[in-house]
Every structure is written in C-alpha cells, then in structure tokens.
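S.K.: Handing you this structure, nothing more for now.
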Amino acid sequence: MIVDAYKECPCGSGKKVKFCCSADIVNELDKVVRAMMGDQRRSALDQVERLIAAKGPRAALLVMQAGLQFTLKDIDGHRATVAKLLEVAPESAVGRAFSAVLKTSDGAISEGVDELQRALDASESAIHESVFEAM
C-alpha cells in the first residue's frame, strides 16, 4: 500500500491520514495515488471525482483534484476546485498556494504574494510541496 495511514494527509494539514479528513478512505486514496504514479492522470481525476461525489468535498480529495486539473491544463476546473477547497478549508496552506499561482497568472501579483504569505503562515510544522512550488 502506497498511502500509509501514518503518513501526512494529502490535504496538507500536517496531520497523519489516520487522524485527518481521509481516515476512512485510505484504500481509495491508494488507488488514486497508484494511478497518478502510473501517469494515468485522467483516470486518477475520474476516481477523485467519484470519491467526492460519494464521500463529499474533503480537503484531501479537493487538493488531489486541483493538482490533477492543473497538470491536465484544465485551468477553469482547477480554479473552481481551488475556490471549493478554500470554502471547505479556508486556512488550507495548499489552497492558498494554488490561489497564489492563479492570482499571479491573472496578473494580480500583489494579491498572489499576499496569498503566498497566507500559505506560509498556514504551514504549521512543515511547508507542503505545493507551497514550495508556488514560491
């Protein structure tokens, strides 16, 4: 199993999967991660969308969905998912990092920098990979 219940949750909260928003869907997350590792991003996105429909818009699922949409160049879908992520988890460091990238790509540099600062502020114990990428 690739997704370990004692590893950090994909949502970026810093909590272990077992104690976060994904505790009851570890097996399903594992299938998504395997598809992503196998360069089957469209299949992984389909799996995430089915999970969201069945289990609700959890931060971990929305983070995965937004990342996959960005990789697949579905910027409108990515933008909508980031908005939903920030609605579900307003202080999500990953959501703020995604938002920073969107704002700067829209030409709102100062707002993007502010979002990046919020992402850094929201990073508790360690800085999530998505926050590094946004920088």
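S.K.: If you scan the range 110-130, which residues turn out to be in a helix (DSSP H, G or I) and in contact with a Leu (Cβ under 9 Å, 6 or more places away or on another chain)?
M.R.: Listed by number, the residues that qualify are GLY112, GLU115.
S.K.: Hey, another quick one. Based on this model, can you work out whether VAL82 counts as assigned to a helix (DSSP H, G or I) and either free of Cβ contacts under 8 Å to residues at least 60 places away in the same chain or not β-branched (Val, Ile, Thr) (or both)?
M.R.: On the way: assigned to a helix (DSSP H, G or I): yes; either free of Cβ contacts under 8 Å to residues at least 60 places away in the same chain or not β-branched (Val, Ile, Thr) (or both): yes.
Answer is yes for this residue.
S.K.: Follow-up question, since we're still on this one. Does at least one position in the range 100-107 carry a residue that is in contact with a Gly (Cβ under 8 Å, 6 or more places away or on another chain) and under 27 Å from ILE2 (Cβ atoms)?
M.R.: Yes, because at least one residue in the range 100-107 is in contact with a Gly (Cβ under 8 Å, 6 or more places away or on another chain) and under 27 Å from ILE2 (Cβ atoms).
S.K.: In addition: For THR81, only one of the following conditions fails: (1) within 12 Å of the chain's Cα centre (by Cα); (2) closer than 17 Å to GLU8 by Cβ. What is its number?
M.R.: Just one mismatch for THR81, condition (2).
S.K.: What residue, among those in the range 24-61 that are aliphatic (A, V, I, L, M) and exposed (fewer than 14 other Cβ atoms within 10 Å of the Cβ), is farthest from GLY77 (Cα to Cα)?
M.R.: In the first step, residues of the range 24-61 are kept if they are aliphatic (A, V, I, L, M); the result is 25-26, 29, 32-33, 35-37, 44-45, 48, 51-54, 59-61.
Add one more test, that the residue is exposed (fewer than 14 other Cβ atoms within 10 Å of the Cβ), and what stays is 37, 53-54.
Details: MET37: 22, ALA53: 16, ALA54: 19 Å.
Looking at residues that are aliphatic (A, V, I, L, M) and exposed (fewer than 14 other Cβ atoms within 10 Å of the Cβ), I get MET37.
S.K.: Could you give me the residue pairs with C-beta distances under 9 Å whose first residue belongs to the range 33-54 and is part of a loop (DSSP other than H, G, I, E, B), whose second residue is surrounded by 14 or more Cβ atoms within 10 Å (Cβ to Cβ) and of a type in the set (A, V, I, L, M, F, W, C) wherever it lies, and which are 6+ apart or on separate chains?
M.R.: If the second residue must be surrounded by 14 or more Cβ atoms within 10 Å (Cβ to Cβ) and of a type in the set (A, V, I, L, M, F, W, C), the pairs left are GLY38/ALA44.
S.K.: Determine which member of the set GLY12, GLY107 is in contact (Cβ under 8 Å) with a residue 40 or more places away in the chain, part of a loop (DSSP other than H, G, I, E, B) and open to solvent by less than 60 Å² (accessible area, probe 1.4 Å).
M.R.: Within the list GLY12, GLY107, the selection yields GLY12.
The values are calculated or read from the model by the stated rules, or taken from the named source; none is laboratory data. Predicted model, so just to flag it, every value in this text is computed and none were measured. Because the Cβ atoms are built from the backbone with ideal geometry, glycine has one as well, and the counts that use them run over all protein chains shown. Surface areas here come from the heavy atoms of the whole protein model, side chains and all, with no ligands, DNA or RNA. Shrake-Rupley method; radii C 1.70, N 1.55, O 1.52, S 1.80 Å.
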